[in-house]
1. If you fit an axis through the alpha-carbon atoms of helix A:196-205 and take the longest principal axis of the Cα set of chain A, what angle between them do you get, 0 to 90°, nearest 10?
2. For B:GLU50, which sequence-distant residues (separation of 5 or more, or a different chain) have an amide H within less than 5 Å of its own amide H, given hydrogens modelled in the peptide plane?
3. Just to check I understand the Karplus step: with θ = phi - 60° and J = 6.51 cos²θ - 1.76 cosθ + 1.60, what whole-Hz values come out for the range B:4-20, glycine and proline as x?
4. May I ask you to evaluate 6.51 cos²θ - 1.76 cosθ + 1.60, the Karplus curve with θ = phi - 60°, for each residue of the range B:202-212 and list the ³J(HN,Hα) values in order in whole Hz, giving x for glycine and proline?
5. Can you bin every Cα-Cα distance in the protein assembly as shown into 10 Å intervals starting at zero and give me the percent of pairs per bin, rounded to whole numbers?
6. Among the listed pairs B:LYS155/B:LYS221; A:LYS84/B:LYS221; A:LYS185/A:LYS209, give every one whose C-alpha distance is greater than 19 Å.
7. What average number of partner chain Cβ atoms lie no more than 10 Å from the Cβ of the residues making up A:214-220?
8. For chain A, what does the helix formula give at 222 nm: sum of -39500 (n - 2.57) over DSSP H segments with n ≥ 4, over the residue count, nearest 500 deg cm²/dmol?
Amino acid sequence: MIIQDRMKVISQRQIAHHIFEMTLSGNLVGEISSPGQFVHIRVADSFEPLLRRPISIASIDTEAGEMTIIYRAEGRGTTLLSEKRPGDEVDVLGPLGNGFPVEETAAGETAVLVGGGIGVPPLYELSKQLTAKGVTCIHVLGFQSENVVFYEEEFTKLGETYIVTVDGTLGTAGFVTNVLEKLDKDFATYYSCGPMPMLNAVQQMYEGKKGFLSFEQRMGCGIGACFACICQTTDKVYIKVCSDGPVFPAGVVAI
Amino acid sequence: MNRLAFELPGLQLKNPIMPASGCFGFGKEYGGLYDLSLLGAIMIKATTPETRLGNPTPRVAETAAGMLNAIGLQNPGLPGVLENELPWLEQFDVPIIANVAGTETADYVEVAKEISKAPNVKALELNISCPNVKAGGITFGTDPQVAKELTKAVKAVAAVPVYIKLSPNVTDIVSIAQAVEAGGADGITMINTLIGMRLDQKTGRPVIANGTGGLSGPAVKPVAIRMVYEVSKAVRIPIIGMGGVTETADVIDFLSAGASAVAVGTANFVNPFVCPQIIEELPAKLDELGVDHISELIGRSHRL
């Protein structure tokens, strides 16, 4: 169920250039049903900025009632969010949307997780849940440059991890597809989250494979009422990223 | 005595608060968050005769204390609304105000005629003020004579009272209001969004794919209050006021300006529980103002 929760900031730290990791505590955590769901955060109790900010959930700790979000603080809203300190309260609406289906990959099978930039965070909780049930996860994570790379160590603990940077300052130089083309294609499922050109390239490379893609779009309400964040399906029907997605099976969305 | 109850043409309002059209879809999303029967009424998303996909994205852009939108009247079309959306809303004890849109007069007439037959539709809101479609919409709302003729044509077929939603993007909103009153309108809803534009810092190009969008949110409230004040002095028909309402104090302002009920738009996106919260807070606000019934506040600004 979607709830509006005044969550407490447990920790806040910068983990890369302009990239922040924040842990929040509250009842909302108990409502999260799948990795890849997101929350809609009001960064200030004023009209400036007015709208909420959609932020993906990077990991959840149901027992502790805590969740961790990772976000890029570049605009005004996310910069204000990065100024919150432990003990502060944040107005959070969520959990929103439909996440990645963990059940689509069986124990003993292999899944390839492909992330780009600020699309990487939801793959962390996904990988945690997949590996916990006995799925072998291979992570291919693309970033612009070394200074914005994060969670390499965390992902490495869960499985084989390849870092790609556009400028070649860390890991493979180029795009995630430079790594994907060398990987064994004998896997069960792929899951991906990142910018549209990356999703398009991944989907093309893995045509015919079972895959799930998480999309981004400018949002208004976050719950499906305002019709701001629509995208078109391959059948020419409009769907809402916030409430129909953000995760869709590969091939559904016209990229 | 219900201190918040009020009667308007076609509408028995439990309270004066209703979500504005385009900010509440057809209620399903908010229905998952609270009991929609709490609301005074619901203004559902604009309905056109045919299914509309709306504009390309980006469709929204944030601005100072507000937002621009150019959704473009995306809706499932008249048959879809009649078959799926309105019957779903019947489970709630709440009157529906159906927002009617189209490209030409015949579209408005067709939708008004059919949708006003639905059992829970108690009033129509003619959308002659949508700034985000190429044809129809605002072109009916900027010329008094055209607005009057459309009002007459719809009144001739509508089975329920007809409210006209006015655009603020005009030189003289009073003349439009008087024209629709002369055309037989039962009420006025105002204001729709103000046409605006936001440019991208890097490229210099408009952020919204449509180029322009409709400005809403707290930023527009003073404009809306001024217009409600002016129009309420010039017409006899009731006004449902809207524009930047985010809290109970704003509702008091709109009533004081001359509105008989108040719609909440953009604030639903920021705080999805804003409508029930305002409804809950209103009685205490009346106490604070030393007022027994909400109606005593209507048009206070006129009493000099």
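1. Value to nearest ten degrees: 30.
2. HN-HN under 5 Å from B:GLU50: B:LEU78.
3. Listing the rounded values in order: 9, 6, 7, 10, 10, x, x, 10, 9, 8, 5, 7, x, 9, 8, x, 7 Hz.
4. Result, rounded to whole Hz: 6, 8, x, 8, x, 6, 7, 4, 6, x, 9.
5. For the protein assembly as shown, the binned pair fractions read 4, 18, 26, 23, 15, 9, 4, 0, 0 percent.
6. Distance filter (> 19 Å) returns B:LYS155/B:LYS221; A:LYS84/B:LYS221.
7. Mean shielding by partner chains, rounded to a whole number: 4.
8. Dividing the helical sum by the residues of chain A leaves -4500 deg cm²/dmol.
Each value in this text was obtained by applying a stated rule to the coordinates, not by laboratory testing. Predicted, not measured: the structure shown is a model, and the values here were computed from it. Cβ atoms come from the backbone with ideal geometry, glycine included; neighbour counts cover every protein chain shown.
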